[in-house]
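Below is one structure, written out as structure tokens; the observations come after it.
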Amino acid sequence: MTGLITPILMPKWGLSMKEGKLAAWHVSEGTMISPGDEIMDVETDKIANVVEAADGGLLRRRIGQEGETYLVRALLAVMAPESVSDAEIDAYVSNFAVPVAEDVEDTGPSHEFAELSVGRIRYTARPGSGTPVILIHGFGGDLDNWLFNIDALAEAAPIYALDLPGHGQSVKAVVNPGLGTMVSTLIDFMDHIGVKKAHLVGHSMGGLIAGQTAIDNPGRVASVNLICSAGLGNEINGGYIGGFVSAPGRKELKPVLGDLFFDQSLVSRAMIDDLLKYKRLDGVQTFLEALSANLFANGRQAVQIAKALGATSVPCQTIWGASDAIIPSGHAGAVPGARATVIEGAGHMVQMEQAARVNDLIKGQI
């Protein structure tokens, strides 16, 4: 009856993850699990987060031990109905293919690069059917901001996530760091990958870019999902923007990054180190200073898109963390006609802290 047995595996969050520590179980053997239930906590060198069940079933066997580290795709538990015998579960576990460390690095889609008019852009893609979805990160972020969303959303549509100019592993020497450059880059990217129309999902500054793209090119946009988006009101945490741009080291950057999360323990040492490495790359400091001056000078947002976006025929929804310390959650209702959802227990990075809820909302729009 192996067809009735469902494995629970160590997840893979991002291309660089090879292993994770099973920090805690949230379910016991004999528990009936439903899709979306929180089943365990996993920690990596990048971030810690709760793992939610992709499938439902009766938890028959916990194999992974709390505090132990396992390769991605390692078998951590087994779900099966009561009709499956213990002997059949024993056989399934003993015959399960154990992942090999040297093979883990090559699992999943790789990063790709596109040569656009602005320069070289890094992106990743997940295949699928239907109208594609493009994920657009915020100020100072990169495509890894969607670690907990890409694979889940790929169940519903083809997914693309890119590093914007000046960010991640994309070009750093940007002639005009501003909204116009970001919008034109997004359209160039769509042309490069052969996508005539896409659902746009933008976080923070990425929401501003997504919304402005819909205003300027409504025929290219199937829908807009704005997550803690810029451009929907004047207020923004200028201390965060200025602190992020100016922070020279770990001591200064850590408290700034804490503003991103409801649960500030998610600010890991690896997260801080990765951002410091990025900020120290040639051209990044100049770029960030120019971009922040163009969009967020003097602690205010320079561009407002809510009214113009509401006047288009492009479907729109806004999603916000109730405890957002960067952009007030009150901005969620700014777009006329848009569906607005404010999620408790989350801050500015709501797509990471409440990934399952955000993923469900986006799937409902696409």
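Quick notes on this one:
- Hits in segment 214-265 (condition: closer than 19 Å to TYR278 by Cα and basic (Lys, Arg)): ARG250, LYS251, LYS254
- Residue list for segment 311-324, filter: surrounded by fewer than 17 Cβ atoms within 10 Å (Cβ to Cβ) and among the aliphatic types (A, V, I, L, M): ALA311, ALA322
- Given (1) out of contact with any strand residue (DSSP E or B) (no Cβ under 7 Å at 6 or more places or on another chain); (2) outside any helix (DSSP H, G or I); (3) touching a residue at least 40 places away in the same chain (Cβ under 8 Å), number of the condition VAL201 does not satisfy: (1)
- Taking the criterion of being free of Cβ contacts under 8 Å to residues at least 60 places away in the same chain and not in a loop (DSSP other than H, G, I, E, B), the residues of segment 162-190 that qualify are LEU162, GLY180, MET182, VAL183, LEU186, ILE187, MET190.
- Check on THR213, polar (S, T, N, Q), under 21 Å from THR181 (Cβ atoms), in contact with a helix residue (DSSP H, G or I) (Cβ under 7 Å, 6 or more places away or on another chain) and in the same structural domain as GLY178 (by TED's automatic domain parsing): yes
- Unique match (being at pLDDT below 95, surrounded by fewer than 24 Cβ atoms within 10 Å (Cβ to Cβ) and within 12 Å of the chain's Cα centre (by Cα)) among ASN176, ASN149: ASN149
- Restricting PHE244, PHE287 to those that are farther than 26 Å from ASP41 by Cβ, assigned to a helix (DSSP H, G or I), out of contact with any Pro (no Cβ under 9 Å at 6 or more places or on another chain) and outside the structural domain of ASP45 (by TED's automatic domain parsing) reduces the list to PHE244.
- ILE241 vs. criteria touching a Phe, Trp or Tyr at 6+ places or on another chain (Cβ under 8 Å) and β-branched (Val, Ile, Thr): yes
- Within segment 103-117, residues that are within 19 Å of MET190 (Cα to Cα) reach partners that are part of a loop (DSSP other than H, G, I, E, B) and modelled with pLDDT of 55 or more with beta carbons closer than 7 Å, at six or more positions or on different chains, in the pairs SER110/LEU15; HIS111/LEU15.
Residue-wise test of (1) at pLDDT 95 or above; (2) surrounded by 18 or more Cβ atoms within 10 Å (Cβ to Cβ); (3) not β-branched (Val, Ile, Thr).
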site: ASN294; (1), (2), (3): yes, no, yes
site: ALA302; (1), (2), (3): yes, no, yes
site: LEU309; (1), (2), (3): yes, yes, yes
site: ILE327; (1), (2), (3): yes, yes, no
site: HIS331; (1), (2), (3): yes, yes, yes
site: GLU344; (1), (2), (3): yes, no, yes
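- Every condition in (1) of a type in the set (A, V, I, L, M); (2) within 28 Å of GLY347 (Cβ to Cβ); (3) touching a Lys or Arg at 6+ places or on another chain (Cβ under 9 Å) holds for LEU208 except the one numbered (3).
- The number of residues in segment 66-77 being touching a residue at least 60 places away in the same chain (Cβ under 8 Å) and more than 16 Å from PRO11 (Cβ to Cβ) comes to 0.
- Residue in segment 193-200 that is among the β-branched types (Val, Ile, Thr) and buried (at least 21 other Cβ atoms within 10 Å of the Cβ) present: no
- In the condition set (1) among the hydrophobic types (A, V, I, L, M, F, W, C); (2) assigned to a loop (DSSP other than H, G, I, E, B); (3) surrounded by fewer than 18 Cβ atoms within 10 Å (Cβ to Cβ), LEU276 is compliant with all but (2).
- When GLY337 is tested against (1) in contact with a Gly (Cβ under 9 Å, 6 or more places away or on another chain); (2) in contact (Cβ under 8 Å) with a residue 40 or more places away in the chain; (3) over 14 Å from CYS228 (Cα atoms); (4) not in a helix (DSSP H, G or I), just one condition goes unmet, and that condition is (2).
The values are calculated or read from the model by the stated rules, or taken from the named source; none is laboratory data. Everything numeric here is computed off the predicted structure, so don't read it as measured data. Cβ: placed from backbone, ideal geometry, glycine included. Neighbour counts: every protein chain shown.
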